[in-house]
Amino acid sequence: ATPSGHASAGAALAALLPGVAKGCAFEFVREPGLFTGRAGLMAVAGALPPDGRRAPGVLASVRNLSWHLVADEDRLFVPGAGLMRCSADLATGAAGLLMSLHYLSGGTGETGETGGTGRTGGRDGRDGSGETGETGANDLLELLTLG
């Protein structure tokens with residue numbers, strides 16, 4: 001294969017991205033999980049150009065997360081695979097859903113990087129001084145309130 005062959009293959013794949021983004025932003029998704037549900041779809045859609053994490057379909061998916069959550073007093077639970085029981089694992093439950101929200105709020109998990117807002121400090125709520133700040137929490141709150 002020649003370099004021009006790679007370029008044409010890249011262009012062909014790039015042409016598929018709008019369809020992939022549309023497929024990741026369905027209004028109705030049966031399960032909430034990261035591997036086979038809404039959390040994974042919105043994370044993938046959030047990684048795609050041109051709008052990425054702030055694309056209308058991504059924000060609609062965040063808004064629609066409430067359809068999946070089960071409230072019990074002051075707690076929220078995430079139904080797992082098959083919606084048969086609540087789950088806290090990465091693939092199908094709360095851990096994966098929270099990881100997806102962390103990514104969409106600009107989180108990287110690495111201290112000292114900046115996210116999409118241009119602020120300094122880690123996206124995990126740390127400002128680089130070792131003290132926990134409100135930066136990461138504010139970004140997540142902004143995402144969840146679609147603000």
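Going by neighbour counts of Cβ atoms within 10 Å, the residues 28, 77, 35 line up, fewest first, as 28, 35, 77. Fewest-first ordering of 36, 92 by other beta carbons within 10 Å of each residue's beta carbon gives 36, 92.
Model label points for residue 17 and residue 73, set 7 angstrom from Cα along the Cα-to-Cβ axis, are 4.8 nm apart. Model label sites at residue 27 and residue 44, defined 7 Å from Cα along the beta-carbon direction, differ in position by 2.1 nm.
Counting every other Cβ atom within 10 Å of each residue's Cβ, 20, 29 order from fewest to most as 20, 29.
Each value in this text was obtained by applying a stated rule to the coordinates, not by laboratory testing. What you see is a predicted model, and the numbers here were worked out from it, not measured in a lab. So basically every Cβ, Gly included, is an ideal-geometry build from the backbone, and we count neighbours across all protein chains shown.
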